[in-house]
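The values are calculated or read from the model by the stated rules, or taken from the named source; none is laboratory data. In this text, all values refer to a predicted model and were calculated from it rather than measured experimentally. Backbone-built Cβ (ideal geometry, glycine too); neighbour counts: all protein chains shown. To get the accessible areas, we keep the full protein, side chains included, count just its heavy atoms, and leave off ligands, DNA and RNA. Shrake-Rupley method; radii C 1.70, N 1.55, O 1.52, S 1.80 Å.
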Amino acid sequence: MKLSFVEIASPVGLLKLVANDHALVAVLWENENPNRVRLAEWVEQPDHPILIKAKNQLEEYFIGTRKQFDLPLEFEGTEFQKKVWQALLTIPYSETRSYQQIAAQIGSIKAVRAVGAANGKNPISIIAPCHRVVGANGKLVGFAGGLKNKEILLSLESNSSC
């Protein structure tokens, strides 16, 4: 199955949005490691309805008028990864969680490192808010988009007036 994509400019650089016929499958970074998220072949399709909706919602998020996304999502990964990524979707806007808290939430308290690895493979960045996961000491650690972008996203959320 071919995937469709569109690129959008954002405060954290150029983002590539990728969808199949019925769901968003990835939000990729400008300097994405090509091995982080493996996807089928894709073609540019700026008129794809899911990509239009995702683009509009991300633009609203970046200007501070959207706290929650309302998009069909489809995660491709192991069952453990999918559990972690679903847990990311429960982190409220402008709040953070530690890897340990996510591990406890999914019932795998000793799997903190595995949670970190799954978080790093999150294919739907920003929308499945892996940027809201921090170290146990509250420090910013590991982020596919780079720590500067993680800081920008968390700052944007903490300064939002919506």
Residue list for the stretch 124-139, filter: open to solvent by less than 30 Å² (accessible area, probe 1.4 Å) and part of a loop (DSSP other than H, G, I, E, B)
S125, I126, I127, A128, P129, G135
Kindly list, by first and then second residue, each pair from a residue in the stretch 97-108 that is assigned to a loop (DSSP other than H, G, I, E, B) to a residue that is open to solvent by 30 Å² or more (accessible area, probe 1.4 Å), limited to pairs with Cβ atoms under 6 Å and residues at least 6 apart or on different chains.
I106/K83
Any idea which residue in the stretch 93-114 is farthest from the chain's Cα centre (by Cα), counting only those that are open to solvent by 50 Å² or more (accessible area, probe 1.4 Å) and within 25 Å of P72 (Cα to Cα)?
Q105
If you check R36 against the conditions, is it free of Cβ contacts under 8 Å to residues at least 40 places away in the same chain, under 21 Å from G135 (Cβ atoms) and surrounded by fewer than 16 Cβ atoms within 10 Å (Cβ to Cβ)?
no
Among residues of the stretch 1-30 being out of contact with any Lys or Arg (no Cβ under 9 Å at 6 or more places or on another chain) and without any contact (Cβ under 8 Å) to a residue 24 or more places away in the chain, the residue least open to solvent (accessible area, probe 1.4 Å) is K16
Of the numbered conditions (1) surrounded by fewer than 17 Cβ atoms within 10 Å (Cβ to Cβ); (2) in a loop (DSSP other than H, G, I, E, B); (3) of a type in the set (D, E, K, R), R66 fails exactly one; give the number of that condition.
(1)
In the set V43, V84, the lone residue that is of a type in the set (V, I, T) and modelled with pLDDT under 90 is V43
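For the stretch 115-123, does any single residue satisfy the condition of being open to solvent by 30 Å² or more (accessible area, probe 1.4 Å), under 23 Å from L14 (Cβ atoms), in contact (Cβ under 8 Å) with a residue 60 or more places away in the chain and in a helix (DSSP H, G or I)?
Step one: list which residues in the stretch 115-123 are open to solvent by 30 Å² or more (accessible area, probe 1.4 Å), which gives 117, 120-121.
Retained after the next criterion (residues that are under 23 Å from L14 (Cβ atoms)): 120-121.
Pick out the ones that are also in contact (Cβ under 8 Å) with a residue 60 or more places away in the chain and you get 120-121.
Checking the rest, the ones that are also in a helix (DSSP H, G or I) come to 120.
Looking through the stretch 115-123, at least one residue is open to solvent by 30 Å² or more (accessible area, probe 1.4 Å), under 23 Å from L14 (Cβ atoms), in contact (Cβ under 8 Å) with a residue 60 or more places away in the chain and in a helix (DSSP H, G or I).
Suppose we filter the stretch 70-94 for residues that are of a type outside the set (A, V, I, L, M) and within 18 Å of S155 (Cα to Cα); how many remain?
Of the stretch 70-94, the ones of a type outside the set (A, V, I, L, M) are 70, 72, 74-83, 85-86, 90, 92-94.
So of that shortlist, the ones also within 18 Å of S155 (Cα to Cα) come out as 92-94.
Selection size over the stretch 70-94: 3.
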For the stretch 39-62, how many residues meet the condition of being loosely packed, with under 11 Cβ neighbours inside 10 Å and part of a loop (DSSP other than H, G, I, E, B)?
2
